[in-house]
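Enquirer: I'd like to ask you about the structure that follows.
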Amino acid sequence: MKKSLAHLPLNKKQELKRLKSIILATAPETEFIILFGSHARGDWVDDEYVEDYITYSYKSDFDILAITSDKKSADKESPWMKIENEYYGAFHDRTSVDIIRHHIQEVNGKLKEGHYFFSDIKKEGVLLYNSGKYKLERRRTIDPARRLEIAVDDFEQWFESANDFLWGYQQYLKSRKYKIAAFELHQATERFYGAAILVVSGYKPKTHNIEKLGKIALRYYSEFLKIFPKKTDEEKRLFKQLKKAYIDARYKKDYFVTKEELAYLAKRVEKLRNLVEKTCKAKIESLKNAV
C-alpha cells in the first residue's frame, strides 16, 4: 500500500489532513484510514461539459475506508455523521467525501478470501493513518472463473429484484396509490444502482441513499451522470422527491407526489435500467474473456 500524497495538489492534502484529524478525534476506535479510488490512483475528475444544451458536471469524491477495532464502532451511525458534518463545515469549497467503515476482522477476512474490492484497496490505496495495533492480511487474487460467477449472480439477483419493484410501481400507479408507487420507484432505483456497483466492484455499501449510490456508480461509468440531471431547481426538486420516498412515502402523512411527477421520475429510472443492463452485460462479457 502506498503512503505518499505527492500526486495531490496542496488543497486536497490539507483537506485530507483535516479529515483524518476529525475522524481520530470523533471515532478513536479507528485503526486504519485509507484513501482509495480515483484520488489514490491519481485519475480523479473535476469535469463539466454540455451535451444537447444540457450542462453536466461531476467532481470525484474522496473515497475513504475507515477500519475500526470492533464491529460496533463501524456500525454506529452518529459519530460518522458528525465527522462528515464537521468536515464539510471546515471548508468553504471542498472535495466531497464518501466514508465506508468496516472492522478489522471483517476486512482481513475479505482479504483472505481474495475479495477483489478490498484487494484493490490494499493494492492501490494510500495509507493515511495506521495505529500500529493491527496488521492487514496479505492481499490475494481471486480465480477469474469465480469472479465471473459472482458477477453473474449479483446481476441476476439485483437486476431482477429492481425490475420487480419497477413492476410494483406500475401497479400502484394504476391504483392511484402514488405514495407507495414512489417508494417502489425508489427501491427500483436503489437496486438498479446496486446491480451495477456489485457487478463492477463486488461491493455495495450499506445505504439506501440513491444519491450516494449514484455517485459510486459514477466512479465506474460516466454515463450515469446523465440519468438524473440536477442543473435546474425543478430537476433537483424532483430527484429529492424520489430520494425522500424511502422514508417519507411510507411514514409521513404530508409526503405528496403527483402522477405527473412520478411519470417524469419513472422515465429517468427506465433510462437507468437500460444503462445498467448495458454496462453490466459488457462487464460480464469482459470477465468471460478473462477466464
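Enquirer: Which one is nearest to residue 16 (Cα to Cα), of the residues in the range 68-79 that are surrounded by 14 or more Cβ atoms within 10 Å (Cβ to Cβ) and out of contact with any strand residue (DSSP E or B) (no Cβ under 6 Å at 6 or more places or on another chain)? So that I can check it myself, show each step before the final result.
Expert: The initial filter retains those residues of the range 68-79 that are surrounded by 14 or more Cβ atoms within 10 Å (Cβ to Cβ), namely 68-69, 71, 73-74, 76, 79.
Next cut, out of contact with any strand residue (DSSP E or B) (no Cβ under 6 Å at 6 or more places or on another chain) only: 73, 76, 79.
Details: 73: 21, 76: 22, 79: 18 Å.
This residue is 79.
Enquirer: Could you list, in sequence order, all residues of the range 91-108 that are polar (S, T, N, Q), surrounded by 16 or more Cβ atoms within 10 Å (Cβ to Cβ) and not in a loop (DSSP other than H, G, I, E, B)? Write out each step before concluding.
Expert: First pass over the range 91-108, keeping only residues polar (S, T, N, Q): 95-96, 105, 108.
Okay, now just the ones that are also surrounded by 16 or more Cβ atoms within 10 Å (Cβ to Cβ), so 95, 108.
Of everything in the range 91-108, just one residue is polar (S, T, N, Q), surrounded by 16 or more Cβ atoms within 10 Å (Cβ to Cβ) and not in a loop (DSSP other than H, G, I, E, B), namely 108.
Enquirer: I need the full set of residues from the range 262-291 which are within 21 Å of residue 220 (Cβ to Cβ) and either among the small types (Gly, Ala, Ser) or touching a Lys or Arg at 6+ places or on another chain (Cβ under 9 Å) (or both), in order please.
Expert: To start, the set of residues in the range 262-291 that are within 21 Å of residue 220 (Cβ to Cβ) comprises 268-291.
Of everything in the range 262-291, those that are within 21 Å of residue 220 (Cβ to Cβ) and either among the small types (Gly, Ala, Ser) or touching a Lys or Arg at 6+ places or on another chain (Cβ under 9 Å) (or both) turn out to be 271, 275, 282, 286, 287, 290, 291.
Enquirer: Which condition does residue 169 not pass, out of (1) in contact (Cβ under 8 Å) with a residue 60 or more places away in the chain; (2) in contact with a Lys or Arg (Cβ under 9 Å, 6 or more places away or on another chain), if it passes all the others?
Expert: (2)
Enquirer: While we're on this one: Do the conditions hold for residue 170, that is, is it among the polar types (S, T, N, Q) and surrounded by 18 or more Cβ atoms within 10 Å (Cβ to Cβ)? Break it down stepwise before answering.
Expert: Details: among the polar types (S, T, N, Q): yes; surrounded by 18 or more Cβ atoms within 10 Å (Cβ to Cβ): no.
Here the answer is no, as residue 170 does not meet what is asked.
Enquirer: Show the residue pairs meeting these rules: Cβ distance below 6 Å; 6+ apart or different chains; first residue within the range 175-188 and touching a residue at least 60 places away in the same chain (Cβ under 8 Å); second residue in a loop (DSSP other than H, G, I, E, B).
Expert: Final answer for the pair search is 178/257; 179/255; 182/245; 182/257; 183/245; 186/245; 186/246.
Enquirer: Quick check on the range 60-83: of everything there that is in a helix (DSSP H, G or I) and in contact with a helix residue (DSSP H, G or I) (Cβ under 9 Å, 6 or more places away or on another chain), which residue is nearest to residue 14 (Cα to Cα)?
Expert: Step one: filter the range 60-83 for residues in a helix (DSSP H, G or I), giving 71-75, 78-83.
This time we only want the ones that are in contact with a helix residue (DSSP H, G or I) (Cβ under 9 Å, 6 or more places away or on another chain), so: 71, 73-74, 79-80, 82-83.
On the way: 71: 30, 73: 26, 74: 25, 79: 22, 80: 20, 82: 19, 83: 16 Å.
If we take residues in the range 60-83 being in a helix (DSSP H, G or I) and in contact with a helix residue (DSSP H, G or I) (Cβ under 9 Å, 6 or more places away or on another chain), then 83 is nearest to residue 14 (Cα to Cα).
The rows are residues; the columns are (1) in a helix (DSSP H, G or I); (2) on the phi < 0 side of the Ramachandran plot; (3) without any contact (Cβ under 8 Å) to a residue 40 or more places away in the chain.
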| site | (1), (2), (3) |
| --- | --- |
| 234 | yes, yes, yes |
| 243 | yes, yes, no |
| 250 | yes, yes, no |
| 253 | no, yes, yes |
| 262 | yes, yes, no |
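Enquirer: Within the range 98-109, is there a residue that is outside the structural domain of residue 211 (by TED's automatic domain parsing), in contact with a helix residue (DSSP H, G or I) (Cβ under 8 Å, 6 or more places away or on another chain) and over 30 Å from residue 195 (Cβ atoms)? Walk me through it before giving the result.
Expert: Filtering the range 98-109 down to residues outside the structural domain of residue 211 (by TED's automatic domain parsing) leaves 98-109.
Those left that are additionally in contact with a helix residue (DSSP H, G or I) (Cβ under 8 Å, 6 or more places away or on another chain): 98-99, 101-103, 105-107.
Still in the list and also over 30 Å from residue 195 (Cβ atoms): none.
No, every residue in the range 98-109 fails to be outside the structural domain of residue 211 (by TED's automatic domain parsing), in contact with a helix residue (DSSP H, G or I) (Cβ under 8 Å, 6 or more places away or on another chain) and over 30 Å from residue 195 (Cβ atoms).
Enquirer: Sticking with this structure for a sec: Take the range 224-266 and flag every residue that is aliphatic (A, V, I, L, M) and surrounded by fewer than 16 Cβ atoms within 10 Å (Cβ to Cβ). Can you show your working first?
Expert: So in the range 224-266, the residues aliphatic (A, V, I, L, M) come out as 225, 227, 238, 242, 245, 247, 249, 257, 262-263, 265-266.
If the condition is that a residue be aliphatic (A, V, I, L, M) and surrounded by fewer than 16 Cβ atoms within 10 Å (Cβ to Cβ), then 247, 263 are the ones that fit.
Enquirer: Which condition does residue 114 not pass, out of (1) in the same structural domain as residue 40 (by TED's automatic domain parsing); (2) modelled with pLDDT of 95 or more; (3) surrounded by fewer than 16 Cβ atoms within 10 Å (Cβ to Cβ), if it passes all the others?
Expert: The one condition residue 114 does not meet is (2).
The values are calculated or read from the model by the stated rules, or taken from the named source; none is laboratory data. On a predicted model such as this, the values are computed, not experimentally measured, just so you know. All Cβ positions, even for glycine, are placed from backbone atoms using ideal geometry, and neighbour counts span all protein chains on display.
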